[in-house]
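Take a look at the structure set out below.
No value in this document is a laboratory result; all are computed from the given coordinates. Bear in mind that the values here come from a model prediction, so they are computed numbers and not experimental data. Using ideal geometry, Cβ is built from the backbone for each residue, glycine included, and neighbour counts are taken over all protein chains shown.
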Amino acid sequence: MRAGFEVPAFVSCLLACMLACLLTCFLATPLPISAQSSGGNNPASNPAGQIAVATTSLNQLSDLDAGFLIPDTFDKVQEAYDRYTRDIREGESTRDIERSYAEFDAALVRARERLDRVNEILMVPLEKRSAAKRVNAPAMVPDAFEEAESRLERAISRLEDDRVSDAFAQGQEAAALYDEARSSVIEMSLIGSAQIGLAEAENQDWDRLAPASFERARRLTEEVSGALDRGEPITAALRNKAQDADYAVRRAIEIAAQVDALRSDPGNWERMVLSQEDLVRQAADMAGVSADFLADDPQAIMTSSLRALAARQDSLSLLLQGAEGDAAARSAEVDSLRQAIEEQQIRLSSMVESYQQDLQRRKEELDRERRELRDYLYEKTQLDAAAQARERFSDDEAMVVRDAERLTLRLIGLSFQAGRTEIPGGARGLLERLGELLVLYPQTRVAVEGHTDATGKEETNVTLSKSRADAVMRFLAEQSGVEAERMTSSGLGSAQPIDSNNTRSGRERNRRIDVVLTFSRDL
């Protein structure tokens, strides 16, 4: 079976970021008219976004089991995807990137059409395959399932070669094999242990010791197996019969073991006779019958005892009939009381229902008011925090950006020296005021993001920006008392510049810290 290609989510994100940086130089080049008119479908209009779309499309195709259902076509899609990403990584021209993306998109369209065709022509075997998997046929009957898989793979191969008739015929054979595998699993779950027990009994010659018991067990097992072979539904009655068959096999084996034990020791026969007489004596004592085993055999004594007990039962039945007359009168009184109780219960139920409806209305009103209050407090807290930040920091120290979910403080007044992670002495006051602001809002989550200029290797820049973010987070925790559990740090390198890296002042502004506050909606 062919394995589908799948790009992990974290690799997709990393690749998108790397490719976005590599393609920055291409964005300044005017696009051809055909590319400009294609809008969001143009790979050069948004390289990072288009890479993400292409990767997502490939993963979706893989999730549809395309690697198994259309292996050759799926390989072509993957090859086109590899060419497209390779052109971007190697810095090919915009025209070459557009052409490789168009080839990938065309291959993707063909693959989807092929996949629809396979699902249409091989719909029955694919459904049978899913049904077999649901009962764990690959693990329970691996040989049968693999045979069906092999037949289906041949059908898929024929379909890839456009041999539709052959593919359909092979698919029908695969469907039958999947059905057989599924039926085998069901049969194993219902009567597998019974069949194993019967086979073991025949191998050990146990059925000769208890022929009647094994005959009954064999008949029940064959009835269940026959019903499954005929495709009858698995009803509660069939499950009960399967349980009866399993019990009958185990009981037959137990009886055979007892018979074998009797044969091996003559003393066992005496113990069996005495045990039988003991049971008969107990029944005779209950019936008041004399148990004389010299005069009568145990069967005759048991018959007399049962007759005496039956006569006593008839006498008790007459007494019960008289009691039933009295019980009928009492029952009428009980019915009358029950009716009165039911009427009272109806009235109480109506009162309770009305009360519950009123209670539900009040609860819904309270929930609505609570949601409105929570949204109001959430919005007010964000506005208040933004106002506090603008009041505490000048425009040269921090930019305050607020959106629907978070508040970002861009510390443009905190500029690190190139290649250094020490907090400049002139920025300590800025960070102390930042710490005072964070203490005012203890319910927020704080994300400290480090950024660098584009000087040097990006791997070094990511490490350097992470170290700077850690230094700021330690300062806030140690000097301002901000709980460390509230904060996280990350290094983004030079991926998100706010100024040009071509000037000294621009690079200084890019060597910055962004502090992102996320507010909780819980009251």
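Observations on the model:
- By the rule of a C-alpha distance below 30 Å, with chain neighbours fewer than 8 residues away ignored, the lysines paired with K363 are K380.
- Computed from Cα positions, the angle between helix 428-440 and the longest principal axis of the chain comes to roughly 40 degrees.
- Among beta bridges that DSSP assigns inside the chain, antiparallel share in %, nearest 5: 75 percent
- Annotation: lysines with alpha-carbon distance below 18 angstrom to K457 (same-chain offsets under eight excluded): K466.
- Extended-chain gain in nm, criterion 0.36 nm per residue less alpha-carbon gap, R271 and N136: 43.6 nm
- 10 Å binning of all Cα-Cα separations within the stretch 382-518, expressed as whole percents from 0 upward: 13, 47, 33, 7, 0
- FRET efficiency estimate (nearest 0.05) - Cβ-Cβ, D403 to E173, R0 56 angstrom: 0.40
- Here E483 and Y376 are evaluated by their C-beta separation; at R0 = 25 Å the FRET efficiency comes out at 0.45.
- Three-way shape label, the stretch 275-331, alpha-carbon gyration tensor, a/c 1.5: prolate
- A convex hull fitted around the alpha carbon atoms of the stretch 137-259 yields 109 Å³ per residue.
- Hydrodynamic radius of the chain per Kirkwood, over alpha carbon pairs, in Å: 33.7 Å
- Taking the centroid of alpha carbons for each part, the stretch 63-116 and the stretch 285-316 are 91 Å apart.
- Approximate spin-label separation R368-R110, in nm, with each point projected 7 Å along Cα-to-Cβ: 5.9 nm
- Angle of helix 9-22 to the longest C-alpha principal axis of the chain, folded into 0 to 90 degrees and rounded to 10: 20°.
- Principal-axis analysis of the Cα atoms of the chain puts helix 142-160 at an angle of about 50° to the longest axis.
- Reciprocal of mean inverse Cα separation for the stretch 188-343 (Kirkwood radius, Å): 20.6 Å
- Candidate cross-link partners of K128 among the lysines, defined by an alpha-carbon separation under 29 Å and a same-chain spacing of 8 or more, comprise K76, K241.
- R0 of 60 Å, Cβ-Cβ distance I341-R521: FRET efficiency to nearest 0.05: 0.75
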